[in-house]
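A short write-up of the structure that comes next.
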Amino acid sequence: MSDKMIVKATVNGEECEALVEPRTLLVHMIRESLHLTGTHIGCDTTSCGACTVLLDGKPVKSCTILAVQANGREIATVEGLETAAGLSVVQEGFKEEHGLHCGYCTPGMMMTVTALLEENPDPTEDEIRKAISGNLCRCTGYVNIIKAVQYAAGKKEGAAA
Amino acid sequence: MTAATESTVNGAIGQSPKRVEDDRFIRGMGNYVDDVQLPGMLHMAIYRSPFAHATINSIDTSRALAMPGVVACITGQDLVAHGLAWMPTLAGDTQAVLATDKVRFQGQEVVCVIAKTSYQAEDALEGIDVDYDPLPVIVDPKRALDADAPIIRSDLEGKTDNHIFTWESGDAEATDRVFAEADIVIKLDTLYPRIHPAPMETCGAVADYNKATGKMTIHLTSQAPHAHRTLFAMVAGLPEQKLRIISPDVGGGFGNKVPIYPGYVVATAASLLIGKPVKWVESRTENLMSTGFARDYHMEGELAATKDGKMLGLRANVLADHGAFNAQAQPSKWPAGFFNIATGSYDLQAAHCKVDGVYTNKAPGGIAYRCSFRVTEAAYLIERLVDNLAHETGIDAAELRKQNFIQPEQFPYKSPMGWEYDSGDYEKAMNIALELVGYEELRKEQAEKRAKGEVMGIGFSSFTEIVGAGMSKICDIAGLAMIDSAELRIHPTGKGVLKLGVQSQGQGHETTFAQIVANELGIPYTDIAVEHGDTDHTPYGLGTYASRSTPTGGAATAIVARKLREKARQIAAHLLECAPDDLEFDSGTFTVKGSPEKSKTIQECVFGAYQSDLPDDMEKGFEDVTYYDAPEMTYPFGTYICVVDIDKGTGQVKVRKFVAVDDCGTRINPMIVDGQIHGGLTQGFGTAMMELISFDEDGNCFGGNFMDYLIPTAVESPDWTLGECTTPSPHHPFGAKGVGESPTVGSPQAFVNAVVDALHPYGITNIDMPLSSHKVWKVLRDAGVTDE
Ligand code: FES
Ligand code: FES
């Protein structure tokens, strides 16, 4: 294969560098070069969203983006959700509302939700359902995921007030 | 059952503490098989057959071997030398690990490529050249039984047809007699189609052979790590003490991770031969096309009844499509699982069923997808028949069920096909459901809508399940009794560890099993660490599937905790200088009867067990182990009611309301029980409305990826209204029955019954799943209901 390239990106606030083939998918760089295995892979047709990360704040399916496309940009993964201040409200919501069973879809789901609440702090149930429709969960039936999002939205609002 | 004492200890049974396992999952710190990265690890990819049936003339791997990073190409011939080209299945058949003579389904494993990176392994698949001669393909199981059908399993000596087994249950003659006297016989010819569990994490393995110690460690997506260790030992001839299976965090199983797959075997063999760790993780396409599918039951059912709706007898004839190898996962003596639970919740006079298994050129299986061994198909058949009987007799579907339910005083109830139901109160669950859904109003509304030409339906399912295998006298897998175990060790400071033979794929065992200990010993659940999934560190068990963890592993946990409670009682009596019988135990404290000031906590007793001052005849330490062999199965039940509105123009079925009342006996953690029910109902919804693996006549698989195999997203998934009913199991230590599967077993027929109820004024008596808009629209069009 062709020569490797260096990708430099800010990952969860830290400068990172990885040497990858030009064809390397972003999800593989994150998981294998950066060893951030919280981002998962659940399909090969861009259908499941288990690989969702934020690229410059927008949720993307990292299995459908080349690592080199992330060069010079900001990547946020599940590992960066918790800060010195503690769990993010989204993480807290998923635990409090039993929004996960096996946990496989959870990181991608939480990244999508994190982006949703940035853009729309008080989403309706319909808006939540639409926003997470690109993230498949086989375990929960989504009911408690929706409650988790509502919990997080409520907390966020409380903090802002 | 000894009634669960009402404990006030933190996390005792009946409380809903948040899950302890979530702390790692929400941080992205779960550890799934694909997360295992070992130094020097190689990667494996599998070249699969494009044909559904073809002779292999030759396999040439030379181009692949010359490609960058490729370390080895393994063919079936290479495995022959090690006696590994074929492996036994759980059903007593054999399955090709890598095809040698011919391929028998599209996607069958032919060559494994091992390379330095996963990309290189995938690349090298292009360099595999296989010369095939295509053979005639059988996709229809009925065609498989024709005298002139090509023989799929030509490898089996003396095999002259595609028939696998015939299994019968019940009394055929008695059933004939009942049918001869019946006023009405309802017939239903229906296909429970081929679907797939599709857990979000696919199957995979990292095999890690240590040459120096001779130890083989396999990180495996396994629902049954102990049984898998034994099977690996038996099949590969590896010494069992040198085999360690670690099933770490598993991203959903639903039965998909019960069988042993060729990829596991070859990765293990490769690590052994090459001496380096080898990782194989299948893609979603490989998962859907080759690993354990479910159902694919062609069922002909007949229900005999009097004209006033007394149900008399059931007859079922089933053609079971097992694909190219009989790789189904059922207890050994049960080739059609517990399909003979098909009389369900009803008191019938006689019943008989016959199931024939056949080979076709499709992926091998079938596994019990969130199902206790073909119970799903059985529950579907009887519940569909009952709704059709309601339509035929004009008796209300709820009323008809109530008239025919097994009554509470009839338990333990012996069914005409031989099961002894432990307990139940079916009418109670039904009444709760009717109340929750507002049944009378709905029927009125339906009548009004019908008058206006609108299409609305109400569907029922009053299922009875049989779970918790269980009962080693009738249930084993490959000769291994279906027991399960728990080992409990409390350290001197009163905090300890519980080790389980069962394993979790998201069920929350690290929380609920600690709760069982909290309940029995009075130690807060947060003080008990639960370990599972690592065969070197947990006692033996048959694994987690078929809703068996709580009935078996949960029972073992309660019993081992009770043994230790008795030890603590002896210690307390010693410390308080009284007789053990003079002590009362409540929520973690022993108190001398009548002297409330004289007491010892469980923690004090545990500490005592590690001190020098113990009676001479008492062993030090505070630990024990229990292997539990269930005396009976458990029989969860419930009533589900589904309300649908159908768009006449598009055929779209909108689930307006779905009420689910489950009785799973004692609930350990109600929050987790509800979560399980939500998830199972949504899977049942997927089954009923959208999921399907089908094939064209050449055996090309449709439904081999998530663009074609649709599983519910948040947009179409309904909301669920849950109700609760509790009839404790009389034989389980704390009255639990198991819940994981009830919603997938119970719900599909409720959706279908609702749609058939909506359409029966137009003469419709059946539509097979999945009820896609297109299919429903065609039915409406053919019935002249909708415009072109
Ligand atoms: S892995 Fe499924 S969408 Fe990326
Ligand atoms: S929690 Fe298992 S896939 Fe969502």
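The values are calculated or read from the model by the stated rules, or taken from the named source; none is laboratory data. The shown structure was predicted, so the numbers you read here are calculated from the model rather than taken from an experiment. Note that we place each Cβ from the backbone using ideal geometry, even for glycine, and neighbour counts take in every protein chain shown.
Overview of results
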| quantity | calculated |
| --- | --- |
| Condition check for A:Gly99: within 13 Å of B:Ile26 (Cβ to Cβ), more than 10 Å from chain B (Cβ to nearest Cβ) and away from ligand 1 (no atom under 16 Å from the Cβ) | no |
| Considering residues of the stretch A:103-149 that are basic (Lys, Arg) and out of contact with any Asp or Glu (no Cβ under 8 Å at 6 or more places or on another chain) only, the residue farthest from ligand 2 (Cβ to nearest atom) | A:Lys130 |
| Single residue of the stretch B:707-735 satisfying the filter (of a type in the set (Val, Ile, Thr) and out of contact with any strand residue (DSSP E or B) (no Cβ under 7 Å at 6 or more places or on another chain)) that is farthest from B:Gly680 (Cα to Cα) | B:Val715 |
| Leading residue by the ranking (farthest from the other protein chains (Cβ to nearest Cβ)) among those in the stretch A:10-50 that are within 16 Å of ligand 1 (Cβ to nearest atom) and outside any loop (DSSP other than H, G, I, E, B) | A:Leu26 |
| Given (1) in contact with a Phe, Trp or Tyr (Cβ under 9 Å, 6 or more places away or on another chain); (2) more than 16 Å from ligand 2 (Cβ to nearest atom), number of the condition A:Leu66 does not satisfy | (1) |
| Matching option when the condition is out of contact with any His (no Cβ under 8 Å at 6 or more places or on another chain) and within 14 Å of another protein chain (Cβ to nearest Cβ), among B:Gly253, B:Gly263, B:Gly275 | B:Gly253 |
| When residues of the stretch A:69-79 are limited to those that are in a strand (DSSP E or B) and either within 16 Å of ligand 2 (Cβ to nearest atom) or not acidic (Asp, Glu) (or both), the one farthest from the other protein chains (Cβ to nearest Cβ) | A:Ile75 |
| Output for the stretch B:198-217, where each listed residue is within 14 Å of another protein chain (Cβ to nearest Cβ) and either farther than 19 Å from B:Thr744 by Cα or in contact with a Ser or Thr (Cβ under 9 Å, 6 or more places away or on another chain) (or both) | B:Pro199, B:Glu201, B:Thr202, B:Cys203, B:Gly204, B:Val206 |
| Test: B:Ala451 is of a type outside the set (Asp, Glu), more than 16 Å from ligand 1 (Cβ to nearest atom) and surrounded by fewer than 22 Cβ atoms within 10 Å (Cβ to Cβ) | yes |
| Selection count where residues are within 16 Å of ligand 2 (Cβ to nearest atom), among the polar types (S, T, N, Q) and more than 9 Å from the chain's Cα centre (by Cα), scope the stretch A:38-63 | 1 |
| Residues being in a strand (DSSP E or B) and either of a type in the set (Ser, Thr, Tyr) or within 16 Å of ligand 1 (Cβ to nearest atom) (or both) - total across the stretch B:198-226 | 3 |
| Search result, residues across the stretch B:15-36 that are touching a Phe, Trp or Tyr at 6+ places or on another chain (Cβ under 7 Å) and more than 8 Å from every other protein chain (Cβ to nearest Cβ) | B:Pro17 |
| In the stretch A:51-68, residue nearest to ligand 1 (Cβ to nearest atom) [restricted to those that are part of a loop (DSSP other than H, G, I, E, B) and surrounded by fewer than 24 Cβ atoms within 10 Å (Cβ to Cβ)] | A:Ile65 |
| Scan of the stretch B:375-434 for residues that are among the hydroxyl-bearing types (Ser, Thr, Tyr) and in a helix (DSSP H, G or I), ordered by number | B:Thr376, B:Tyr380, B:Thr393, B:Tyr426 |
| Which listed residue is in contact with a Cys (Cβ under 9 Å, 6 or more places away or on another chain), in a strand (DSSP E or B), at pLDDT 95 or above and not acidic (Asp, Glu), from B:Ala316, B:Ala304, B:Ala267 | B:Ala316 |
| Segments classed as strands (runs of 3 or more DSSP E), wholly inside the stretch B:101-197, with at least 2 members that are touching a residue at least 12 places away in the same chain (Cβ under 8 Å) and hydroxyl-bearing (Ser, Thr, Tyr) | B:163-170, B:184-195 |
| Answer residue from the stretch B:271-287, given it is surrounded by fewer than 24 Cβ atoms within 10 Å (Cβ to Cβ) and of a type in the set (Gly, Ala, Ser) and is nearest to ligand 1 (Cβ to nearest atom) among those | B:Ser283 |
| B:Lys654 vs. criteria in contact with a strand residue (DSSP E or B) (Cβ under 7 Å, 6 or more places away or on another chain) and free of Cβ contacts under 8 Å to residues at least 40 places away in the same chain | yes |
| Filter result for A:Thr124 (within 12 Å of another protein chain (Cβ to nearest Cβ), surrounded by fewer than 20 Cβ atoms within 10 Å (Cβ to Cβ), of a type in the set (Val, Ile, Thr) and free of Cβ contacts under 8 Å to residues at least 40 places away in the same chain) | no |
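Residues checked against (1) at positive phi; (2) surrounded by fewer than 24 Cβ atoms within 10 Å (Cβ to Cβ):
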residue	(1), (2)
B:Ile218	no, no
B:Thr221	no, no
B:Pro225	no, no
B:Thr230	no, yes
B:Ala233	no, yes
B:Ala236	no, yes
B:Pro239	no, yes
B:Val250	no, no
B:Phe254	yes, no
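One line per residue, one yes/no per condition, for (1) closer than 18 Å to A:Leu55 by Cα; (2) within 11 Å of chain B (Cβ to nearest Cβ); (3) of a type in the set (A, V, I, L, M, F, W, C); (4) more than 16 Å from ligand 1 (Cβ to nearest atom):
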{"site": "A:Glu82", "(1), (2), (3), (4)": "yes, yes, no, yes"}
{"site": "A:Leu87", "(1), (2), (3), (4)": "no, yes, yes, yes"}
{"site": "A:Cys105", "(1), (2), (3), (4)": "no, yes, yes, no"}
{"site": "A:Met109", "(1), (2), (3), (4)": "yes, yes, yes, no"}
{"site": "A:Glu119", "(1), (2), (3), (4)": "yes, no, no, yes"}
{"site": "A:Arg138", "(1), (2), (3), (4)": "no, yes, no, no"}
{"site": "A:Ala148", "(1), (2), (3), (4)": "no, yes, yes, yes"}
{"site": "A:Ala153", "(1), (2), (3), (4)": "no, no, yes, yes"}
{"site": "A:Gly158", "(1), (2), (3), (4)": "no, no, no, yes"}
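Every residue, every condition in (1) touching a Ser or Thr at 6+ places or on another chain (Cβ under 8 Å); (2) crowded, with 21+ Cβ neighbours inside 10 Å; (3) not in a strand (DSSP E or B), yes or no:
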| residue | (1), (2), (3) |
| --- | --- |
| B:Glu6 | no, no, yes |
| B:Ala12 | yes, yes, yes |
| B:Arg24 | no, no, yes |
| B:Arg27 | no, no, yes |
| B:Met44 | no, yes, no |
| B:Ser58 | no, no, no |
| B:Pro68 | no, no, yes |
| B:Val71 | no, no, no |
